[in-house]
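So the structure is just underneath, and the comments pick up after that.
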There are 6 protein chains.
Amino acid sequence: MSAKPDRSDSLTEQKAAMTPDTRIVDVLSKVTTATITTILLKKGLRNVWLRGTQPLRSGQPRCVGRAFTMRFIPTREDLATPESWSSPKSTRAAIEAMPEGCIAVVDAMGVVDAGIFGDILCARMVKKGVVALITDGVVRDVAGVLATRLPVWCQGAAAPPAIARLTFVNWQEPIACAGVAVLPDDVIVGDDDGAVLIPAGLVDEVMELGTGAVRRLDHERSRGRCSVAGSLSTQRREQSAL
Amino acid sequence: MSAKPDRSDSLTEQKAAMTPDTRIVDVLSKVTTATITTILLKKGLRNVWLRGTQPLRSGQPRCVGRAFTMRFIPTREDLATPESWSSPKSTRAAIEAMPEGCIAVVDAMGVVDAGIFGDILCARMVKKGVVALITDGVVRDVAGVLATRLPVWCQGAAAPPAIARLTFVNWQEPIACAGVAVLPDDVIVGDDDGAVLIPAGLVDEVMELGTGAVRRLDHERSRGRCSVAGSLSTQRREQSAL
Amino acid sequence: MSAKPDRSDSLTEQKAAMTPDTRIVDVLSKVTTATITTILLKKGLRNVWLRGTQPLRSGQPRCVGRAFTMRFIPTREDLATPESWSSPKSTRAAIEAMPEGCIAVVDAMGVVDAGIFGDILCARMVKKGVVALITDGVVRDVAGVLATRLPVWCQGAAAPPAIARLTFVNWQEPIACAGVAVLPDDVIVGDDDGAVLIPAGLVDEVMELGTGAVRRLDHERSRGRCSVAGSLSTQRREQSAL
Amino acid sequence: MSAKPDRSDSLTEQKAAMTPDTRIVDVLSKVTTATITTILLKKGLRNVWLRGTQPLRSGQPRCVGRAFTMRFIPTREDLATPESWSSPKSTRAAIEAMPEGCIAVVDAMGVVDAGIFGDILCARMVKKGVVALITDGVVRDVAGVLATRLPVWCQGAAAPPAIARLTFVNWQEPIACAGVAVLPDDVIVGDDDGAVLIPAGLVDEVMELGTGAVRRLDHERSRGRCSVAGSLSTQRREQSAL
Amino acid sequence: MSAKPDRSDSLTEQKAAMTPDTRIVDVLSKVTTATITTILLKKGLRNVWLRGTQPLRSGQPRCVGRAFTMRFIPTREDLATPESWSSPKSTRAAIEAMPEGCIAVVDAMGVVDAGIFGDILCARMVKKGVVALITDGVVRDVAGVLATRLPVWCQGAAAPPAIARLTFVNWQEPIACAGVAVLPDDVIVGDDDGAVLIPAGLVDEVMELGTGAVRRLDHERSRGRCSVAGSLSTQRREQSAL
Amino acid sequence: MSAKPDRSDSLTEQKAAMTPDTRIVDVLSKVTTATITTILLKKGLRNVWLRGTQPLRSGQPRCVGRAFTMRFIPTREDLATPESWSSPKSTRAAIEAMPEGCIAVVDAMGVVDAGIFGDILCARMVKKGVVALITDGVVRDVAGVLATRLPVWCQGAAAPPAIARLTFVNWQEPIACAGVAVLPDDVIVGDDDGAVLIPAGLVDEVMELGTGAVRRLDHERSRGRCSVAGSLSTQRREQSAL
């Protein structure tokens, strides 16, 4: 794709003048994941939609934040020893390392019969200022998790503890989550449709295009007419067709 | 099956004296999909239940209408050109062709990581008098779609636009939807359980049998007793066993 | 596993002094399935979580009861004769055989396109004092089933009658349900996370350990602090880590 | 389906004059499973093809025999005790109960990561005169199993022993195998395409129709011309179209 | 993607000077599907690999030809009447319409428990000069199909006739096959890895690039050294990395 | 499980007197994966069988070696830049780091529509003395890979290059492969059934038990009698029952 070298150039520049995260949150909180995926598709990015992870509670707020990644592999009985609980590589230690404003993105390999976190760890994340939890796995003690008010995108709930199926490996590594490559500090946006990743180097561009798209869509809707097939100019049709 | 030649005979007659659609809607709105699938099973029709498509909103009204079919195939980057947006074979053109009172039935090949329609096209369908949207795929911008109040049966929501995964081919062709063969003008009924197809040629018969079944079930329930194993006659047992 | 001979010894003793079911219900109604699966995992029992069966209605009460098992196999047109409806091996006969306080656990082989029971049979179960229905299949006429107020754990709803896909075989046999071996009289507990099986011979032990766990978790939560990574003793960490 | 009462009548008569099994084997060994499934479909039997079980060795002979059924449920650690090995309900005891000429049909619930039998038990089946093994699971020690020359239809091989995933329940019960209801004494035919079930009561009819179909197909092929679309009579077209 | 308008321009030119099919077959028969998918990926075409369809016989020749498309939808008992066999839209009529040198590409919706064609129709395709059969379904009477020597890419074999699961709709329409959009006259190449589609408008470009790639790979291999990490120039590394 | 603390003690000792790898290969080459999984199950290790990865060529030799791990995550268009090909984290660099006698174990996340390696990289592995390649993905250019004679366990073949679906992350990390946690230096054994992992700390114990098991099984088979149900002692029955 011819655009790539340019993109990687601008990537360097963008890093120099990185937008403060508060502005990122402020701007992207107004853009739907539908608009963001459309923008990224136009930039040639097709594999940024997290497949199959959904809001645990309908109506939870749109969430925006930098990804803090965590990685699990399958369980193995000889690794799940009492010693492992005091290992420096525990999920608890990972949570303590989470910066305020991040979104925890957890590679649970799509496992749906053991919950990665319950109410205690979710409450701890809320206290640390974590914005949301996103995983391709499930949570446990879902009533307790809902009570913490932590916004969660996941595949549902299951009671068994993580170690019944999973071994925690590490945090802030590149991971796979719900079919998408997630790197630490990529930006994640979640809403009622699900969750999308914006590569760190493309955040500024997405913000700019997203703001424009929202303005155009508002205008289209406010005209109160949906004669979409008839009178729309090619440019606006392209926008909404996507 | 011995019944087939007769059925095809009566099919011709029925077409001659086709029941007006208003009466179809009126009668079938009172019959559950549970009763309709039972009736069709007794007629030897086993593959009329749309598998895996569910009401987007619980409590949305039972919907009845003639199928208006739409067909997608997988996306291919060389077909998704700007020119394709002004193609006469667009989803927008299809929507403009929809008659009032129809149900849009969309073969999205079960794709769940790209939404076939968002709020703008759903609003347009409402304006056109389309009764419902039924698909084996998903919608996008689910909050917006729910706001249009269009009853939808689907597999959920995903933000990416259709063209991220799908190419629109045509409308009013025979299609596969959720494992069922759907022909234009077959009748679709959707309720809280999901959606069922009634072949166009069997609609009158289903209406008649359905009305009788509702009466018998009401009677059974109103007797306020469920001693089902004990005293029911063979005929009524057969009815409810199904 | 070294623990097994002991367990099987204690199993015999436990049978002698079997805890009355009312006490079982009383105690286990206060223990989450998250805690029960943790306890069973520590006892070496990894395959007791019913995979993929979920509460039909969010907020339905936690349910505890002895399993009353039912088994289906696939449908076969030559077996689904009118005679089969008066067979002594019908689902209706099974329901009549259910003792008060049991939980019906139904092996529907994970079939999701035919409902095992509708409102009439669910109403009958309520009348018989059945505590809940748990299946790896689905129900039909979901609006009617919800109206009976029978707590149900299942995979959702589908309108077609059971015989469209399933043949009923027998009751009170060992069955597979949602990936778990269920024997008559094993204890089942269902809550918002899903459902777990407690082998009959381990019920007393789980009750004792469960009561202790609830007390410790309450204490941990009431201390109002979640500095979980910092000050927790090894023992409490182990408890909650699970 | 109107044919059913008749069929069930003729079923009784057929039992009176049951064809000796040697003749069944003799006749059906000359009929492909393609022809048998076509005949059964015409009789209204759609669910008799075992889905996903395939010949372990290409070129193994067509096999015909009465079904001897075996049933597994999932493993549970508290059931897999040393005592269970001397249980009267072992797979070994089942094999000892197999009559000469039968086909062992094993419900392994589609489990593919534990092998139900290895070389020792397969060798024992050969010695007992068992014609073939058919399962929706897999075998273990596939090299050893192949060496026994027992014809096997299965999903492949896996090394772990059955008890890693499965608990044996019983034999000669109605079972599900590869999506089909199998009753003891139904007839099974396996060839390169896979395996099909003929209900016990329909065996004579299938034999008769099968012999005729083979004759017609031979004739059609021997005419050395495949101008199928052109000159075939409706009757012959129907035959081969199926 | 910036390349698209150019590509669509060159598409028009290419059509003017369309390469004769004999040269296409001659050139592409020497290029692996591995090289072709690499070339198409570099052109931005990611969705051209047919997923899950495999050579029926290992060692069958590499096949190249224009796609002749066929489309099935699910079966429906009221459509599968005796009249349907003499319908002008039969698979037999489709086969008679196939031009010499084409590859039949059949959308069977991934159905694996009914075979789309058996030995008679495959023999007819051989006689018509059809190069190969490619489907996301399966064939029936696999021994007979293999005897016809028609190269087939599919998912395996199943005995039941197509009408047990499928209804034939039409030929030479745009279809989905194995996850790929196939248009009549696209070029298909199949080898031991599986099958790939080359959009009609890109065939010349792929031929040219493919020829060059084969020359470079031959050179690299003939140098008899695989010190790939050490001394390769960036250009050659890129080539083989893909 | 009570055995765990002991095991972890003996683990430390074993490391002190680590068996040379040549002896491991020598001993374990004579033990089937069926026997090894049985031994590990008795030690409480249930999750060591790699699910779904199979020998690419039937009859390839049993392979034994230490795991050299490699990890992929999904592709992302902005990461697949020309620069990435000269990244120090390439699959080529990983191969150069492989020690003689290792088995490459590759986490390809089960992706089956892009091949992780083709003939050039497999030939390089052969030259480096790599014993085998094991992955939950597929290879590309399968004819070329087979020609290198590298023993491969995988899910089959697909032509598209790895970067069409995957991004390489790193080597010698803990990974998931085919549902099993694999750590660098664990021992892998592959044969016709598939592949099994032996945790590094349990290798000596498995070798000892494996040698004994082979002796007993040989004896049982050489007695030329399979009266398994009759006369076997409890101990030998237990052995073979597993």
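The values are calculated or read from the model by the stated rules, or taken from the named source; none is laboratory data. All of these numbers come straight from a predicted model, not from anything done at the bench. Neighbour counts run over all protein chains shown; Cβ positions are idealised from the backbone, glycine included.
Tell me which residues, restricted to the stretch A:180-195, are under 12 Å from A:T53 (Cα atoms) and β-branched (V, I, T).
Listed by number, the list holds a single entry, A:V180.
For E:G118, state whether it is buried (at least 24 other Cβ atoms within 10 Å of the Cβ) and within 12 Å of chain D (Cβ to nearest Cβ). Walk me through how you get there before you give the answer.
On the way: buried (at least 24 other Cβ atoms within 10 Å of the Cβ): yes; within 12 Å of chain D (Cβ to nearest Cβ): yes.
Spelling it out, E:G118 is indeed buried (at least 24 other Cβ atoms within 10 Å of the Cβ) and within 12 Å of chain D (Cβ to nearest Cβ).
Could we say that E:V142 is β-branched (V, I, T), within 11 Å of another protein chain (Cβ to nearest Cβ) and buried (at least 24 other Cβ atoms within 10 Å of the Cβ) here?
Values: β-branched (V, I, T): yes; within 11 Å of another protein chain (Cβ to nearest Cβ): yes; buried (at least 24 other Cβ atoms within 10 Å of the Cβ): yes.
Here the answer is yes, as E:V142 does meet what is asked.
Take the stretch A:46-63 and flag every residue that is within 23 Å of E:L41 (Cα to Cα) and modelled with pLDDT under 95.
Answer for the stretch A:46-63, where residues must be within 23 Å of E:L41 (Cα to Cα) and modelled with pLDDT under 95: just A:R46.
If I go through the stretch A:30-50 residue by residue, how many of them are within 22 Å of B:D119 (Cβ to Cβ), assigned to a loop (DSSP other than H, G, I, E, B) and either hydrophobic (A, V, I, L, M, F, W, C) or at the interface with another protein chain (Cβ under 9 Å from one of its Cβ atoms) (or both)? Give the steps one after another, and end with the answer.
The initial filter retains those residues of the stretch A:30-50 that are within 22 Å of B:D119 (Cβ to Cβ), namely A:30-42, A:48-50.
Now narrow it down to the ones that are assigned to a loop (DSSP other than H, G, I, E, B): A:30-32, A:48, A:50.
Adding the requirement that they be either hydrophobic (A, V, I, L, M, F, W, C) or at the interface with another protein chain (Cβ under 9 Å from one of its Cβ atoms) (or both) leaves A:31-32, A:48, A:50.
The qualifying residues number 4.
Can you run down the residue pairs with Cβ atoms below 6 Å, 6 or more apart or on separate chains, where the first is in the stretch E:53-64 and assigned to a strand (DSSP E or B) and the partner is of a type in the set (A, V, I, L, M)?
E:C63/E:V131; E:C63/E:A132; E:V64/E:V25; E:V64/E:L28; E:V64/E:V189
Any chance the stretch B:49-58 includes a residue that's surrounded by fewer than 21 Cβ atoms within 10 Å (Cβ to Cβ), in contact with a Ser or Thr (Cβ under 9 Å, 6 or more places away or on another chain) and under 14 Å from B:W153 (Cβ atoms)?
Checked against the condition, which is being surrounded by fewer than 21 Cβ atoms within 10 Å (Cβ to Cβ), in contact with a Ser or Thr (Cβ under 9 Å, 6 or more places away or on another chain) and under 14 Å from B:W153 (Cβ atoms), the stretch B:49-58 yields no hits at all.
Only residues that are part of a strand (DSSP E or B), under 18 Å from E:G179 (Cβ atoms) and of a type in the set (A, V, I, L, M): list them for the stretch F:159-171, please.
Applying the first criterion (part of a strand (DSSP E or B)) to the stretch F:159-171 yields F:161, F:166-171.
Pick out the ones that are also under 18 Å from E:G179 (Cβ atoms) and you get F:161, F:166.
Matches in the stretch F:159-171: F:L166 only.
Name every residue in the stretch E:153-184 that is among the charged types (D, E, K, R) and either modelled with pLDDT under 95 or within 21 Å of E:V203 (Cβ to Cβ) (or both), in order of residue number. Reasoning before the result, please.
Applying the first criterion (among the charged types (D, E, K, R)) to the stretch E:153-184 yields E:165, E:173.
Result: E:E173, single match.
Taking A:T167 as the residue in question, decide whether it is within 27 Å of F:I175 (Cβ to Cβ), of a type in the set (S, T, N, Q), buried (at least 24 other Cβ atoms within 10 Å of the Cβ) and touching a residue at least 60 places away in the same chain (Cβ under 8 Å). Before the answer, list the steps.
Values: within 27 Å of F:I175 (Cβ to Cβ): yes; of a type in the set (S, T, N, Q): yes; buried (at least 24 other Cβ atoms within 10 Å of the Cβ): no; touching a residue at least 60 places away in the same chain (Cβ under 8 Å): yes.
No; evaluated as a whole, the condition is false for this residue.
Test of understanding: among F:D119, F:D136, F:D192, F:D141, which residue is within 22 Å of F:K30 (Cβ to Cβ) and of a type in the set (D, E)? Show your work before the answer.
Details: F:D119 fails: within 22 Å of F:K30 (Cβ to Cβ); F:D136 fails: within 22 Å of F:K30 (Cβ to Cβ); F:D141 fails: within 22 Å of F:K30 (Cβ to Cβ).
The conditions single out F:D192.
Determine which member of the set B:D107, B:D21 is more than 14 Å from chain C (Cβ to nearest Cβ), surrounded by fewer than 22 Cβ atoms within 10 Å (Cβ to Cβ) and of a type in the set (D, E). Even if it seems obvious, please write down each step before you answer.
Working: B:D107 fails: surrounded by fewer than 22 Cβ atoms within 10 Å (Cβ to Cβ).
Only one candidate qualifies: B:D21.
If I ask for residues that are out of contact with any Phe, Trp or Tyr (no Cβ under 9 Å at 6 or more places or on another chain), crowded, with 21+ Cβ neighbours inside 10 Å and farther than 20 Å from A:C102 by Cα, which ones from the stretch A:145-162 would you list?
Once the filter is applied, which keeps residues that are out of contact with any Phe, Trp or Tyr (no Cβ under 9 Å at 6 or more places or on another chain), crowded, with 21+ Cβ neighbours inside 10 Å and farther than 20 Å from A:C102 by Cα, the stretch A:145-162 yields A:A157, A:P161.
Within the stretch A:103-112, is there a residue that is in contact with a helix residue (DSSP H, G or I) (Cβ under 7 Å, 6 or more places away or on another chain) and either under 18 Å from C:T38 (Cα atoms) or part of a loop (DSSP other than H, G, I, E, B) (or both)?
Applying the first criterion (in contact with a helix residue (DSSP H, G or I) (Cβ under 7 Å, 6 or more places away or on another chain)) to the stretch A:103-112 yields A:104.
Now drop any that are not either under 18 Å from C:T38 (Cα atoms) or part of a loop (DSSP other than H, G, I, E, B) (or both), which leaves none.
No: zero hits.
Considering only residues that are touching a residue at least 12 places away in the same chain (Cβ under 8 Å) and more than 14 Å from chain C (Cβ to nearest Cβ), which ones fall in the stretch B:206-224? Spell out how you get there, then give the answer.
At the first step, the residues of the stretch B:206-224 found to be touching a residue at least 12 places away in the same chain (Cβ under 8 Å) are B:206-207, B:209-211, B:213-214, B:216-217, B:220.
Listed by number, the residues that qualify are B:M207, B:L209, B:T211.
Go through the stretch A:126-158 and report how many residues are more than 15 Å from A:Q54 (Cα to Cα), touching a helix residue (DSSP H, G or I) at 6+ places or on another chain (Cβ under 6 Å), not in a loop (DSSP other than H, G, I, E, B) and not β-branched (V, I, T).
Of the residues in that region, 1 qualify.
Go through the stretch B:150-205 residue by residue and tally those that are within 14 Å of chain A (Cβ to nearest Cβ) and out of contact with any strand residue (DSSP E or B) (no Cβ under 9 Å at 6 or more places or on another chain).
The number of residues fulfilling the criteria is 1.
Taking A:E83 as meeting all but one of (1) out of contact with any Leu (no Cβ under 7 Å at 6 or more places or on another chain); (2) part of a helix (DSSP H, G or I); (3) modelled with pLDDT of 95 or more, write down the number of the exception.
Looking at each condition in turn, A:E83 falls short on (3).
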